[in-house]
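A.B. asks: What follows is a structure written as structure tokens; I'll ask about it next.
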Amino acid sequence: MQCTDWLLSLEQTFPDEVLDLDRSIRTLDLTHNKIVDIPVEISKLANLQRLLLAHNLIDRLPINLAKLVSLKVMTLDGNRVTTLPDELGQLVRLEQLSISGNSLESLPETIGSLRNLKLLNLSKNKLKSLPESIGSCFSLEELQANDNSIEELPESVCNLIHVKSLCLDNNNVKQIPTNLLKDCKALQNISLHGNPISMDQFQQMEGFQDFEARRKKKFDKQIDSNVMISSKGLDEGVDL
């Protein structure tokens, strides 16, 4: 049987016919349903690459999810998830993880094992901090953590040499690691609206001038390419 995609709507439980597809399914899209539980039998979908479960009623992830060793994209936005299992770190091929609009209060330290992760969206949760291990997500390019209760960033974020965008609007961030702008040489955008932090703190940081040059080059390129940007687009580099 050839690999296939599966799209289904208006389901309250995982349909048995999906699980019966075993190794033939690559994409499973069950977005906008009323699914409460992810069955342990999901581990049978060994070749699954994209798991899209946004806007359901899921409150926990099964440990067996870690057996989806081919998974590259997992979307869980708009559910009721309160914790992520330590086994999440076994999804070593994961490139995109989006779990915004849930009730996460913390992240497992094992998230640092996701060395291929490029996009991490944690917005609209109840996070007060990010684990030190996040600095081991060496491929990370975009971190979205808007609308949480984060007070500070761990020093390890300075290890994210490929990160281009940090979005932390509406948190409680008072300061960021002093070496962030110097060490994160790919960084082009920092968004910190609604935080108790001032522009002066950025301007005094080592590496600020180089960061500003990257930011301006990014938006100059967008303008040259006739890319439409918002009215605040030119200020997105350091958005406070």
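A.B. asks: Assess whether LEU97 counts as being within 10 Å of the chain's Cα centre (by Cα), outside any strand (DSSP E or B), crowded, with 20+ Cβ neighbours inside 10 Å and at pLDDT 95 or above.
C.D. replies: Working: within 10 Å of the chain's Cα centre (by Cα): yes; outside any strand (DSSP E or B): no; crowded, with 20+ Cβ neighbours inside 10 Å: yes; at pLDDT 95 or above: yes.
In short, no.
A.B. asks: Take the residues in region 10-43 that are at pLDDT 90 or above and of a type in the set (D, E, K, R); name whichever of them is nearest to LEU65 (Cα to Cα).
C.D. replies: Out of the qualifying residues, it is GLU41.
A.B. asks: Return the residues of region 131-163 that are among the acidic types (Asp, Glu), under 18 Å from GLN96 (Cα atoms) and part of a loop (DSSP other than H, G, I, E, B); say none if nothing qualifies. Before you say what the answer is, go through the steps one by one.
C.D. replies: Residues of region 131-163 that are among the acidic types (Asp, Glu), as a first pass: 132, 141-142, 147, 151-152, 155.
Then drop every residue that is not under 18 Å from GLN96 (Cα atoms), which leaves 141-142.
Across region 131-163, the qualifying residue is only GLU141.
A.B. asks: Oh, and also: Pairs needed: first member in region 171-183, of a type outside the set (A, V, I, L, M); second member anywhere, surrounded by fewer than 16 Cβ atoms within 10 Å (Cβ to Cβ) and not in a helix (DSSP H, G or I); C-beta distance under 6 Å; at least 6 residues apart or different chains.
C.D. replies: Here the result reads ASN172/SER149; ASN172/GLU151; LYS174/PRO196; LYS182/GLU206, each pair linking region 171-183 to a residue that is surrounded by fewer than 16 Cβ atoms within 10 Å (Cβ to Cβ) and not in a helix (DSSP H, G or I).
A.B. asks: Right, here's the next one. So which of LEU84, LEU91, LEU71, LEU61 is touching a helix residue (DSSP H, G or I) at 6+ places or on another chain (Cβ under 7 Å) and buried (at least 16 other Cβ atoms within 10 Å of the Cβ)?
C.D. replies: On the way: LEU84 fails: touching a helix residue (DSSP H, G or I) at 6+ places or on another chain (Cβ under 7 Å); LEU71 fails: touching a helix residue (DSSP H, G or I) at 6+ places or on another chain (Cβ under 7 Å); LEU61 fails: touching a helix residue (DSSP H, G or I) at 6+ places or on another chain (Cβ under 7 Å).
Being touching a helix residue (DSSP H, G or I) at 6+ places or on another chain (Cβ under 7 Å) and buried (at least 16 other Cβ atoms within 10 Å of the Cβ) holds for just one of LEU84, LEU91, LEU71, LEU61, which is LEU91.
A.B. asks: If you don't mind, there's one more thing I want to ask. Only one of GLN144, GLN188 is over 22 Å from LEU104 (Cα atoms), touching a residue at least 40 places away in the same chain (Cβ under 8 Å) and surrounded by 15 or more Cβ atoms within 10 Å (Cβ to Cβ); which? I'd like the intermediate steps shown before the answer.
C.D. replies: On the way: GLN144 fails: over 22 Å from LEU104 (Cα atoms).
Answer to the check: GLN188.
A.B. asks: Quick one: in region 10-60, which of the residues that are touching an Asp or Glu at 6+ places or on another chain (Cβ under 6 Å) and of a type in the set (A, V, I, L, M, F, W, C) is nearest to LYS72 (Cα to Cα)?
C.D. replies: LEU52
A.B. asks: Considering region 164-201 alone, what residues qualify as being charged (D, E, K, R) and in a loop (DSSP other than H, G, I, E, B)?
C.D. replies: So the first thing to find is which residues in region 164-201 are charged (D, E, K, R), and the list is 164, 169, 174, 182-183, 185, 200.
Of everything in region 164-201, those that are charged (D, E, K, R) and in a loop (DSSP other than H, G, I, E, B) turn out to be LYS164, ASP169, LYS174, LYS185.
A.B. asks: Follow-up question, since we're still on this one. Filter region 100-121 down to residues that are of a type outside the set (A, V, I, L, M, F, W, C), buried (at least 18 other Cβ atoms within 10 Å of the Cβ) and assigned to a loop (DSSP other than H, G, I, E, B), then give me how many there are. Quick ask: steps written out before the conclusion?
C.D. replies: Step one: filter region 100-121 for residues of a type outside the set (A, V, I, L, M, F, W, C), giving 100-103, 105-106, 108-110, 112-113, 115-116, 118, 121.
Pick out the ones that are also buried (at least 18 other Cβ atoms within 10 Å of the Cβ) and you get 100-102, 110, 112-113, 118, 121.
Next, only the ones that are assigned to a loop (DSSP other than H, G, I, E, B) stay: 100-102, 118.
Residues meeting the conditions: 4.
The values are calculated or read from the model by the stated rules, or taken from the named source; none is laboratory data. Remember, it's a predicted structure, so these values are computed and weren't measured experimentally. A quick note on method: Cβ atoms are made from the backbone with ideal geometry, for glycine too, and the neighbour counts reach across all protein chains shown.
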